[in-house]
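Visitor: Quick one: the structure is below, and I'll ask about it shortly.
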Amino acid sequence: MIRNLNAITFRDFGAVLSERPQNSKNIEKEVGTLLKLDGKRAVVYQAKEQTQINCGTAMIVLSVSTDGETFWHFCLDKSVYVREGIFFTLNPFEGSAEVRFYAAEEPVMVGNLDAGQLKMEQQLTADRKLRVEGIHTFFYQEKEQGFLFSGEAHPILELTYVDQGSMHSVVEGQDILLKQGDLVIYGANQWHMQYADIGVAPRFVTITFDISAGDLTPLLNRKFTAPQHTVALLQQMLQEQEKMDAFSSNIILSRLELLLLLLLREDKEPRAGKLQTSNAVHSENEIIRQAQQYISSHIREKLSVPLVARQVDVSPSYLTALFHKNLQISPGEYIRRTKLQESKQMIRENNLNFTEIAAELQYSTVHHFSRQFKEKFGITPTEYAKSVR
């Protein structure tokens with residue numbers, strides 16, 4: 001990607017001249033060398049002494065290097081001095097252009113290469129390390145206790161993230177126990193099966209997708225405890241799936257791509273970046289994890305934001321700020337959604353009627369429960385019960 005030209009970004013190669021006309025050096029054109037640029041070939045020069053290069057009227061890319069092999073690219077919108085020994089080449093962004101450079105001893109031409117032959121430390125356009133081509137399925141799975149999926153293999157990749165409970169993932173001869181917050185990615189054509197232990201009814205996300213660029217091999221068939229920022233991306237994707245307007249599919253796809261990139265970065269550089277390793281961020285993630293765990297294990301009790309905040313030793317306002325920052329919802333909304341997900345499990349178990357379910361989940365009335373259920377899922381509890389029995 002073309003970099004902004006300023007004193008800081010260019011300091012390894014020379015200096016940027018002042019843009020104020022009264023302070024600029026006035027050099028007569030006839031003492032300089034005029035270059036006519038057509039963009040077809042990248043002529044590489046090496047400065048024999050400090051060399052001034054003036055910006056032209058067209059958009060010109062100045063590529064500079066300390067070793068003649070690895071080049072950095074700048075938009076030449078200011079005049080610069082290039083230090084002695086620096087390699088440089090000039091090319092119009094498109095079409096043709098003219099530019100002048102000035103030096104008592106002219107730079108030496110050391111190469112005449114096709115622009116594409118240069119080793120680019122930074123490409124002229126942003127380079128995509130990964131491209132998710134398409135998403136085939138995106139399901140929030142709510143399984144009965146002790147479920148068994150006998151297995152399959154398909155020519156597309158699959159991501160599984162456990163939202164509640166636990167489940168076993170069998171792939172490549174390994175039986176991987178996935179607990180709440182864990183995820184695994186299966187490769188194309190890899191046979192895999194899933195099952196839950198007796199008495200465990202897991203809820204999990206599955207996404208099948210294709211990539212057209214990049215390599216996910218380092219992530220395949222491994223259990224990851226999802227960092228909080230990747231959990232937040234999954235939450236956003238689920239929210240977009242509920243909204244499903246004209247932009248939602250594109251947003252879901254881009255969020256998945258970002259999630260995979262973050263996992264690849266974490267795998268390659270697990271300690272990279274202050275934001276990833278700071279005590280503050282670790283503490284925030286731990287507070288949210290503890291809050292989610294408390295809500296999940298006490299979901300059939302009367303819950304409130306102040307109550308949950310006390311359990312994790314923070315103020316209600318701070319807990320609310322953390323949920324908004326990391327999950328894009330309030331803790332009160334998170335409690336409401338978790339209760340409604342629990343109600344679906346209770347309906348599938350078919351042990352209680354709707355009035356009893358509402359009371360078990362601490363709703364004030366069965367009508368209040370039914371209204372919130374329909375607002376969330378688009379159907380009534382009765383309609384949902386008919387669909388799963």
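Visitor: How big is the dipole moment of the chain about its Cα centre under a simple scheme where the beta carbon of each Lys and Arg is +1, that of each Asp and Glu is -1, and everything else is neutral? Debye, nearest 20, please.
Guide: In total the dipole reaches around 920 debye.
Visitor: To the nearest Å, what is the center-to-center distance of segment 49-103 and segment 149-218, using C-alpha atoms only?
Guide: Segment 49-103 and segment 149-218 have Cα centres separated by 51 Å.
Visitor: Over 19 Å between Cα atoms, which of 302/386; 179/223; 243/302; 129/243; 143/386 qualify?
Guide: In this structure, 302/386; 243/302; 129/243 exceed 19 Å between Cα atoms.
Visitor: Evaluate the relative contact order of the chain (contact order divided by residue number), counting alpha-carbon pairs under 8 angstrom at least 6 apart; express in whole percent.
Guide: Once normalised by length, the contact order is 12 percent.
Visitor: Another question about this same structure. With Cβ to Cβ distances under 12 Å as the rule, what net charge do the other residues near residue 62 carry (K, R +1; D, E -1)?
Guide: That works out to +1.
Visitor: Take the chain, connect every pair of alpha-carbon atoms lying under 10 Å apart with a spring to form a Gaussian network, then pick out the residue of 193, 244, 59 with the largest mean-square fluctuation.
Guide: 59
Visitor: Would you mind classifying the chain by shape? Square roots of the alpha carbon gyration tensor eigenvalues, ordered a ≥ b ≥ c; an a/c under 1.5 is rounded, otherwise it is prolate if a/b is larger than b/c and oblate if not.
Guide: prolate
Visitor: Rounded if a/c is under 1.5, else prolate if a/b beats b/c, else oblate: with a ≥ b ≥ c from the C-alpha gyration tensor eigenvalues square-rooted, which is segment 212-359?
Guide: oblate
Visitor: Counting alpha carbon pairs within less than 8 Å and at least 6 residues apart, what relative contact order, in whole percent, applies to segment 131-268?
Guide: That works out to 30 percent.
Visitor: Only loop residues by DSSP count here, and only those with at most 16 other Cβ atoms within 10 Å; note down the chymotrypsin sites (Phe, Trp or Tyr not before Pro) in segment 199-250 that meet that.
Guide: 247
Visitor: Arranged by the count of other C-beta atoms within 10 angstrom, fewest first, what order do 75, 55 take?
Guide: 75, 55
Visitor: Under a point spin-label approximation (7 Å from Cα along Cα-to-Cβ), what is the residue 12-residue 290 distance to one decimal in nm?
Guide: With each label placed 7 Å out from Cα toward Cβ, I get 4.4 nm.
Visitor: Now for a separate question. Can you give the percent of C-alpha pairs in segment 333-379 whose distance is more than 18 Å? Show your work: numbers first, answer last.
Guide: Details: 171 of 1081 pairs.
Cα-Cα pairs in segment 333-379 separated by more than 18 Å: 16 percent.
Visitor: In nm, to one decimal, how far is the residue 174 label point from the residue 383 one, both placed 7 Å along Cα→Cβ?
Guide: That separation, rounded to one decimal, is 4.3 nm.
Visitor: Can you give the extra length, in nm with one decimal, that the chain gains between residue 300 and residue 324 once fully stretched, where that is 0.36 nm per residue apart less the Cα-Cα distance?
Guide: Full extension from residue 300 to residue 324 adds 6.3 nm.
Visitor: Can you work out the FRET efficiency for the pair residue 34 and residue 67, with r the C-beta to C-beta distance and R0 = 41 Å, to the nearest 0.05?
Guide: Efficiency, rounded to the nearest 0.05: 0.90.
Visitor: Summing +1 for each Lys or Arg and -1 for each Asp or Glu, what net charge is found among the other residues whose Cβ lies under 14 Å from the Cβ of residue 210?
Guide: Charge balance in the 14 Å sphere: -3.
A short reminder: the numbers here are calculations on the coordinates, not readings from a lab. These numbers come from a predicted model, not from an experiment. Cβ sites come from the backbone with ideal geometry, for glycine too, and all protein chains shown count toward neighbours.
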